[in-house]
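**Student:** Take a look at the following structure, please.
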Amino acid sequence: MKRISVFLLCIVTVIGLLAAGCGSADNKPAQSAQADTAADIKAIKDRGVLKVGVKVDVPKFGFKDPQTNKIDGLEIDIARAVAKKILGDPTKIDVQGVTAKTRGPLLDNGEVDLVIATFTITEERKQSYNFSDPYFKDGVAMMVKKSSGIEAVKDMNGKKIGVAQSATSRKALQEEADKAGVKVQFLEFGTYPEIKTALDSGRIDVFSVDGSILAGYLDDSTTILKDRFAPQEYGVASKKSNAALAKAVNEVIADMKKNGELDKLVQKWGIK
Amino acid sequence: MNGPFADYKWAALAHDWAVFGEGFANTVMVSCLALALALALGVLFGVLGSSNWKVFKGITRVYVEAIQNTPLVIQVFFLYHGLPHLGIMLPVFAVGVLGVGMYHGAYISEVVRAGIQAVPRGQLEAAYSQGFSFWGAMRYIILPQAKRMAFPPLTNQAVSLIKNTSVLAMVAGGELMYQADSWSSTNLYYGPAYIATGVLYLMLCLPLATYARKLERKAAVNV
């Protein structure tokens, strides 16, 4: 009996400590937001550099070239445009690689100011972060082995579909499968190369992520199906309390759309 | 109020508790079966490793060194992604039981070997003189004495084993860590997700660890 109560006490203590931690985490942004509405912009100016989280494994969007060790892509160019607007110098950016799992926490703890990392805008996510207007729209696509004979969703009854954690493709594809009346099973992986490995080893039959990302993984034995579903809109994300920063980013995106710069960048990177 | 631990995120967690329940059940199942496998392998190789048969000692050494000196992640990756290329497609549940079971089997065999070697050599000789075979002596004379020495570290192995099932999250294993990753990466409510997951692992491991400490105290008094 005594032992059980000690155990329960431990659990209660841990939860109590965590709750205390949460409380302080909640209070901070409120105070800073009230003190000065543009505090977020000022902090970036004082620092003299814009910290941006980008993908390093998505060719043409955010990709670290193994030869030069430099990260470059459409999303890095967008980061430069934002730096130019806020700091007056497009080179004043500090990019770091993020994954689906790290981009939320990095925003929350202020490690990065912005996340520009093929981040799909959803209503649910908008509750937690500010999203800019979309700068790119892409549909969910599917890659299969040529030998599988799969040509469309209707051929996928009983098949396993590999998707990326955090990707919205799962929901989109489930709806398509329901429409076609087929039963599919989803397996989630942390990174894109892992999904490709699973496709190669036959663990999954279909590799499904956003079309532009998928193109980077095409090889001789695989093919990408023509169908595209559920347009995914990518937005620039910032911490919920950094409202002034979000506004500035939105202005940059709007300007780039208006003067055709965004289209030029899309063309520059050869994204269809 | 917003932040990683905002109220509505906890509410979402409470609403989707079944996702975590399913993961928890899978973790418990994989852990139990993997522990059974690890104990079987551990006792077998522990006994062989402390025997005088050169060949079996050699096999035990190769098994223990190969497993202890490579990361569990690599072993699980091999079982999951590598074996299918050789025509063996194990379901992910079996990958978990086999991968984690073999990994801890190697550690447990060392625990068992140490326990056996702690039993005075005269015990085995006395058993032989009474007409016991090697396996008979092990079964009735040596292992019951070794058990007392080996039990506390064995319980710690069980705790490690439960925690190590979390590597299955990397191969879509469907256990607790995978469900937490899956749930929290879609809606980005990672705060409540990982706290709840941590508490669930704590609930599994803490009683075992407490039990191990109790056994250790008991062993200390007996010596």
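The values are calculated or read from the model by the stated rules, or taken from the named source; none is laboratory data. Keep in mind that what you see is a predicted model, and the values were worked out from it rather than measured. Glycine gets a Cβ as well: all are built from the backbone with ideal geometry, and neighbour counts include every protein chain shown.
**Student:** Given the criteria within 8 Å of chain A (Cβ to nearest Cβ), assigned to a helix (DSSP H, G or I) and not acidic (Asp, Glu), does residue B:170 qualify?
**Tutor:** Values: within 8 Å of chain A (Cβ to nearest Cβ): yes; assigned to a helix (DSSP H, G or I): yes; not acidic (Asp, Glu): yes.
Yes; evaluated as a whole, the condition is true for this residue.
**Student:** Just to verify a result, which residue in the range B:63-95, among those that are more than 15 Å from residue B:34 (Cβ to Cβ) and outside any helix (DSSP H, G or I), is farthest from the other protein chains (Cβ to nearest Cβ)?
**Tutor:** In this case the residue turns out to be B:69.
**Student:** Further, regarding this structure: How do the pairs read when you match residues in the range B:165-189 that are without any contact (Cβ under 8 Å) to a residue 40 or more places away in the chain and under 18 Å from residue A:198 (Cβ atoms) with residues anywhere that are among the acidic types (Asp, Glu) and not in a loop (DSSP other than H, G, I, E, B), using Cβ under 7 Å and keeping only pairs 6 or more apart or on different chains?
**Tutor:** The qualifying pairs are B:169/B:181.
**Student:** Only one of these conditions is not met by residue A:178: (1) touching a residue at least 12 places away in the same chain (Cβ under 8 Å); (2) over 27 Å from residue A:95 (Cβ atoms); (3) assigned to a helix (DSSP H, G or I). Which number is it?
**Tutor:** (1)
**Student:** For the subset of the range A:171-195 comprising residues that are within 17 Å of residue B:173 (Cα to Cα) and among the charged types (D, E, K, R), which member is modelled with the lowest pLDDT?
**Tutor:** Per the criteria, the residue is A:194.
**Student:** Here's something else I'd like to know. Please go through the range A:127-165 and give me each residue that is of a type outside the set (Gly, Ala, Ser), in contact with a Phe, Trp or Tyr (Cβ under 9 Å, 6 or more places away or on another chain) and more than 14 Å from chain B (Cβ to nearest Cβ), ordered by number.
**Tutor:** Result: A:134, A:135, A:136, A:137, A:138, A:140, A:142, A:143, A:144, A:153.
**Student:** With a cut-off of at least 3 residues that are more than 14 Å from chain B (Cβ to nearest Cβ), crowded, with 16+ Cβ neighbours inside 10 Å and under 19 Å from the mean Cα position of the chain (by Cα), name the strands (runs of 3 or more DSSP E) lying wholly within the range A:192-272.
**Tutor:** Those strands (runs of 3 or more DSSP E) span A:229-234.
**Student:** A further question on this structure: If we scan the range B:162-178, do we find a residue that is within 23 Å of residue B:60 (Cα to Cα), touching a Leu at 6+ places or on another chain (Cβ under 9 Å) and crowded, with 22+ Cβ neighbours inside 10 Å?
**Tutor:** Taking the range B:162-178 first, the residues within 23 Å of residue B:60 (Cα to Cα) are B:164.
Filter once more, so that each one left must be touching a Leu at 6+ places or on another chain (Cβ under 9 Å): B:164.
Checking which are crowded, with 22+ Cβ neighbours inside 10 Å leaves us with none.
No.
**Student:** If you don't mind, there's one more thing I want to ask. With respect to residue A:117, determine if the residue is touching a Lys or Arg at 6+ places or on another chain (Cβ under 6 Å), within 14 Å of chain B (Cβ to nearest Cβ) and closer than 19 Å to residue A:57 by Cβ. Don't jump to the end; show me each part of the working.
**Tutor:** On the way: touching a Lys or Arg at 6+ places or on another chain (Cβ under 6 Å): yes; within 14 Å of chain B (Cβ to nearest Cβ): yes; closer than 19 Å to residue A:57 by Cβ: yes.
For residue A:117, the condition - touching a Lys or Arg at 6+ places or on another chain (Cβ under 6 Å), within 14 Å of chain B (Cβ to nearest Cβ) and closer than 19 Å to residue A:57 by Cβ - is met.
**Student:** Here's something else I'd like to know. Can you tell me which residues in the range B:196-212 are without any contact (Cβ under 8 Å) to a residue 40 or more places away in the chain and not hydroxyl-bearing (Ser, Thr, Tyr)?
**Tutor:** Hits for the range B:196-212 are B:198, B:199, B:202, B:203, B:206, B:207.
**Student:** Further, regarding this structure: Given the condition under 12 Å from the mean Cα position of the chain (by Cα), modelled with pLDDT of 95 or more and within 14 Å of chain A (Cβ to nearest Cβ), answer yes or no: does some residue in the range B:149-166 qualify?
**Tutor:** Yes - at least one qualifying residue is present in the range B:149-166.
**Student:** Against the condition over 30 Å from residue A:182 (Cβ atoms), touching a residue at least 12 places away in the same chain (Cβ under 8 Å), within 14 Å of chain B (Cβ to nearest Cβ) and within 21 Å of the chain's Cα centre (by Cα), how does residue A:103 come out, does it pass?
**Tutor:** Taking the combined requirement at face value, the residue satisfies it.
**Student:** Here is a further query. Exactly one condition in (1) over 30 Å from residue B:14 (Cα atoms); (2) of a type outside the set (S, T, N, Q); (3) surrounded by fewer than 21 Cβ atoms within 10 Å (Cβ to Cβ); (4) more than 12 Å from chain A (Cβ to nearest Cβ) is not met by residue B:213; state its number.
**Tutor:** (4)
**Student:** Identify all residues within the range A:62-71 that are closer than 18 Å to residue A:113 by Cα and more than 15 Å from the chain's Cα centre (by Cα); write none if there are none.
**Tutor:** Looking only at the range A:62-71, we keep the residues that are closer than 18 Å to residue A:113 by Cα, and these are A:62, A:71.
The answer is A:71, and nothing else.
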